[in-house]
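Heads up, the thing below is written out as structure tokens.
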Amino acid sequence: MTKHAAEDAAVAAPAQPGRRFTSYPPSSCRRAAAQGRMDPGAAGAAARATGSWLDAVPRRAEHDDDWMEKHPSALAGFESVLAAAKGKQVVMFLDYDGTLSPIVKDPDTAVMTEEMRDAVRGVAEHFPTAIVSGRCRDKVFNFVKLAELYYAGSHGMDIKGPTPESKHAKAKAEAVLCQPASEFLPVIDEVYRALTATTAAIPGATVENNKFCLSVHFRCVQEEKWSALEEQVRSVLKEFPDLRLTRGRKVLEIRPSIKWDKGNALQFLLEALGFADSNNVFPIYIGDDRTDEDAFKVLRDMGQGIGILVSKIPKETSASYSLREPSEVKEFLHKLVKSKQSTTQRD
Ligand SMILES: O=P(O)(O)OC[C@H]1O[C@H](O[C@H]2O[C@H](CO)[C@@H](O)[C@H](O)[C@H]2O)[C@H](O)[C@@H](O)[C@@H]1O
């Protein structure tokens, strides 16, 4: 196996703050929209994205046993998770690809199973639940198909909450709650067209339009062609300094140079749910990719809740727990619901 292949190997009370957004949009989204441009720290990160393809490979942090000690299984350590969450309002954040659905070659076929949908539905009956994805919001909604959830698409740059009547009903068009990168829509469309044309000569390369960001997929590109593809992407982006390049799982992500990522989306949602500066909230974020690290870091810095990395191999991460694959995510969600049900019955 090559080093590249290794990558793949409390029931919310009705009156409680949090089931609905409190202001539209909360101040954090307005601030980001007003600031518009990327901060110097993010600019540095964009510059660092000029590294080699090896950057796309998760680095082995240390020996597996040590890693598991630092990032224990959220299933084996379930009782510790429960103890930490005791008396607090759990808020669930779920990444989509690689977390709720297995990684597959064709992004359009990354469906989630009915069993996984049931598990997510069950969690959302007890806790505010959000899907936080790099996909465009409509696309990820079409995969998940649960109208009662919050959705943060385009790496958190397109956030929308459920409406009261949308529960168990077909989702309707609703007021968008937070779109801090809306001014970038025309440029993203322009770059989408340019990248589609430029990369057409590389067999297997595809460009996915995720509305406020783009994904250039190379999972089906011969490894010898990866560098050429990256060069092509970079040459297009030279003309667009307001965009930056980041990496995911066999994908190059192009997004606006604003300081807004999945971590900001998590903070925005907590604020919108009425939990800004609250000590009584226990956010759980489950994700498998580099972009999820932004959310893990926010939780680590807050000192509240837990991040759970979905991975079969050790990776550098700010998450505190781990799960090996989507089937374990499903099991974890079921356990959480079961324990909530038994607590509610006891009370
Ligand atoms: O934040 P996420 O929900 O995890 O989305 C991140 C990217 O996921 C998708 O790409 C990944 O999954 C594909 C399907 O399994 C796989 O073919 C691809 O190699 C992975 O990178 C999605 O297609 C991208 O647009 C998302 O940005």
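In the set (1) over 19 Å from residue 178 (Cβ atoms); (2) near the ligand (Cβ under 10 Å from one of its atoms), the condition left unmet by residue 255 is number (1).
From the list 165, 231, the one residue that fits, being at pLDDT 95 or above, out of contact with any Cys (no Cβ under 7 Å at 6 or more places or on another chain) and among the acidic types (Asp, Glu), is 231.
One residue alone among 239, 230 is farther than 14 Å from residue 184 by Cβ, more than 14 Å from the ligand (Cβ to nearest atom) and either touching a strand residue (DSSP E or B) at 6+ places or on another chain (Cβ under 8 Å) or in a strand (DSSP E or B) (or both), and that residue is 230.
Exactly one residue out of 154, 182 is within 12 Å of the ligand (Cβ to nearest atom) and either hydroxyl-bearing (Ser, Thr, Tyr) or at pLDDT below 95 (or both): that is 154. Applying the condition of being within 25 Å of the chain's Cα centre (by Cα) and more than 26 Å from residue 258 (Cβ to Cβ) to the range 205-225 and asking which residue is surrounded by the most Cβ atoms within 10 Å (Cβ to Cβ) yields 205.
Pairs meeting the criteria (first residue in the range 199-218 and in a helix (DSSP H, G or I), second residue among the aliphatic types (A, V, I, L, M), beta carbons under 7 Å, at least 6 apart or on different chains) are 199/205; 199/207; 199/216; 199/229. How about the range 315-342: which of its residues are more than 16 Å from residue 101 (Cβ to Cβ) and part of a helix (DSSP H, G or I)? Within the range 315-342, 334, 335, 336, 337, 338, 339, 340, 341, 342 qualify.
When you scan the range 92-129, how many residues do you find that are more than 12 Å from the ligand (Cβ to nearest atom) and of a type in the set (A, V, I, L, M, F, W, C)? Going through the range 92-129 one residue at a time, the tally reaches 7. Being at pLDDT 95 or above, within 23 Å of residue 335 (Cα to Cα) and either within 13 Å of the ligand (Cβ to nearest atom) or surrounded by fewer than 23 Cβ atoms within 10 Å (Cβ to Cβ) (or both) is not true of residue 133.
Conditions tested, residue by residue: (1) among the polar types (S, T, N, Q); (2) part of a strand (DSSP E or B).
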residue: 245; (1), (2): no, yes
residue: 260; (1), (2): no, no
residue: 263; (1), (2): no, no
residue: 276; (1), (2): no, no
residue: 301; (1), (2): no, no
residue: 344; (1), (2): yes, no
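Considered as a group, the residues in the range 60-78 that are surrounded by 15 or more Cβ atoms within 10 Å (Cβ to Cβ) and in a loop (DSSP other than H, G, I, E, B) include one that is modelled with the lowest pLDDT, and that residue is 61.
Selection of the range 86-116 for residues being farther than 23 Å from residue 291 by Cβ and either within 17 Å of the chain's Cα centre (by Cα) or crowded, with 16+ Cβ neighbours inside 10 Å (or both) yields 88, 89.
The values are calculated or read from the model by the stated rules, or taken from the named source; none is laboratory data. Just so it is clear, the structure is predicted and the values come from calculations on it, not from any experiment. Heads up, the Cβs are rebuilt from the backbone with ideal geometry, glycines too, and the neighbour counts pull from every protein chain shown.
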